[in-house]
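To start, the structure itself, in structure tokens.
The values are calculated or read from the model by the stated rules, or taken from the named source; none is laboratory data. These figures come from a predicted structure and were not determined experimentally. Don't worry about glycine lacking a Cβ; one is built from the backbone with ideal geometry, like all the others, and counts go over all protein chains shown. What goes into the accessible areas is simple: the full protein's heavy atoms, side chains included, and nothing from ligands, DNA or RNA. Shrake-Rupley method; radii C 1.70, N 1.55, O 1.52, S 1.80 Å.
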Amino acid sequence: MNVTIGHICMFLACAIWGLMAPLGKDAMTHGVGGLEMVTFRVVGGAVCFWIASLFVKQENVRHKDMLLFFFAAMLSIVLNQCCYTIGLSITSPVNASIMTTMMPIITMILAALFLKEPITGKKVMGVFCGAVGAFLLITTGARVASGNGGVLLGDLLCLSAQLCFAIYLTVFKHLIQRYTVITCMKWMITYAAIVIMPISFSRMQQLPWADIPAKTWWETAFVVVGGTFLAYIFMMQGQKILRPTVVAMYNYVQPIIACIVSVAIGLGVFGLWQALAVVLVFFGVWLVTQSKSRRDLKKENHNNK
């Protein structure tokens, strides 16, 4: 049952992030810059998590873990969000989505190095199938005008965001398991806000608040409440239960959601290639979940003795 909840949480988180990419990109082309959007996310997210913490049981956090929360925040929020959001603001959504397909591969390698998770044939095949499916879905659905292509710096920033998040998933898994989601995020996003606000203060002062259209504010609100508050709750709950590589595999759900939304609003089509891509993604996720973990191999070795 716990594993099922973990899968549901990761699907919901990635579905929200899949919606956030086009909405956030639209907001950043109509009045809100990349750094300003990151500031709205961390400050708004911090307010949401502190309010939520008033309705749950308070936990005592060890001093050592408070320091670890700081470094976790730097990787999962500050560097991840700054690199991805600013990268998205200067490259195309298609290129940004392609960069996200690298995260499960990086996570699988890091999990083997830090957590001694085995790199099995099923895991490799699952990550490969998922990557092919996501890449196929992104490229076949791409209708980017010649003047709206990607920028190399933006692509590299988006790739750096995936690397930071992959390191966070593997290095801080045990820290996240010790506390509730609200406690973890309350401190992590507070640290992130403290770091980002001095950097973005002058930019926020120059923001033409009165000239920003209402649509942009609604899109920004979705990024804060949906893409930050709700999505991080779901993601961290899934992270508590599932292995890092399985968590990372759900990254491939994001382009599927983006494709569905594009079809629903008449900006895309869903044909044979898209259907094949969706099958490859979910088959890849299933293969990774079926692969043996470090615990499984230990149990087998113990039984064989």
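For the structure I just gave you, tell me whether ILE182 is under 26 Å from LYS25 (Cα atoms), in a helix (DSSP H, G or I) and either open to solvent by less than 30 Å² (accessible area, probe 1.4 Å) or not acidic (Asp, Glu) (or both).
no
For (1) under 14 Å from the mean Cα position of the chain (by Cα); (2) open to solvent by less than 10 Å² (accessible area, probe 1.4 Å); (3) over 17 Å from LEU159 (Cβ atoms); (4) not polar (S, T, N, Q), each residue gets a yes or a no:
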{"site": "CYS14", "(1), (2), (3), (4)": "yes, yes, yes, yes"}
{"site": "LYS25", "(1), (2), (3), (4)": "no, no, yes, yes"}
{"site": "THR29", "(1), (2), (3), (4)": "no, no, yes, no"}
{"site": "PHE49", "(1), (2), (3), (4)": "no, yes, yes, yes"}
{"site": "VAL56", "(1), (2), (3), (4)": "no, no, yes, yes"}
{"site": "PHE70", "(1), (2), (3), (4)": "no, no, yes, yes"}
{"site": "CYS83", "(1), (2), (3), (4)": "yes, no, no, yes"}
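Which condition breaks for LEU276 when tested against (1) modelled with pLDDT of 65 or more; (2) open to solvent by less than 60 Å² (accessible area, probe 1.4 Å)?
Single failed check for LEU276: (2).
If I filter the stretch 147-154 for residues that are within 18 Å of the chain's Cα centre (by Cα), modelled with pLDDT of 75 or more and open to solvent by less than 30 Å² (accessible area, probe 1.4 Å), do I get at least one hit?
So far as the stretch 147-154 goes, yes, one or more of its residues are within 18 Å of the chain's Cα centre (by Cα), modelled with pLDDT of 75 or more and open to solvent by less than 30 Å² (accessible area, probe 1.4 Å).
With the condition kept exactly as written, say whether any residue in the stretch 236-252 is open to solvent by less than 20 Å² (accessible area, probe 1.4 Å), touching a helix residue (DSSP H, G or I) at 6+ places or on another chain (Cβ under 9 Å), at pLDDT below 90 and of a type in the set (Gly, Ala, Ser).
Yes, there is a match, as at least one residue in the stretch 236-252 is open to solvent by less than 20 Å² (accessible area, probe 1.4 Å), touching a helix residue (DSSP H, G or I) at 6+ places or on another chain (Cβ under 9 Å), at pLDDT below 90 and of a type in the set (Gly, Ala, Ser).
Tell me which residues, restricted to the stretch 222-232, are aliphatic (A, V, I, L, M) and open to solvent by 40 Å² or more (accessible area, probe 1.4 Å).
Result: VAL225, LEU230.
Can you confirm whether SER76 is open to solvent by less than 10 Å² (accessible area, probe 1.4 Å), closer than 29 Å to ILE199 by Cα and more than 21 Å from the chain's Cα centre (by Cα)?
no
Report, ordered by the first and then the second residue, all pairs with beta carbons closer than 7 Å, sequence separation of six or more or different chains, a first member in the stretch 173-197 that is at positive phi, and a second member that is assigned to a helix (DSSP H, G or I) and among the hydrophobic types (A, V, I, L, M, F, W, C).
From residues that are at positive phi, there are no pairs.
Take the conditions modelled with pLDDT of 85 or more, open to solvent by less than 40 Å² (accessible area, probe 1.4 Å) and either part of a loop (DSSP other than H, G, I, E, B) or more than 16 Å from CYS48 (Cβ to Cβ) (or both) and apply them to MET204. Does it pass? If you could, list the steps in order and put the result at the bottom.
On the way: modelled with pLDDT of 85 or more: yes; open to solvent by less than 40 Å² (accessible area, probe 1.4 Å): yes; either part of a loop (DSSP other than H, G, I, E, B) or more than 16 Å from CYS48 (Cβ to Cβ) (or both): yes.
Taking the combined requirement at face value, the residue satisfies it.
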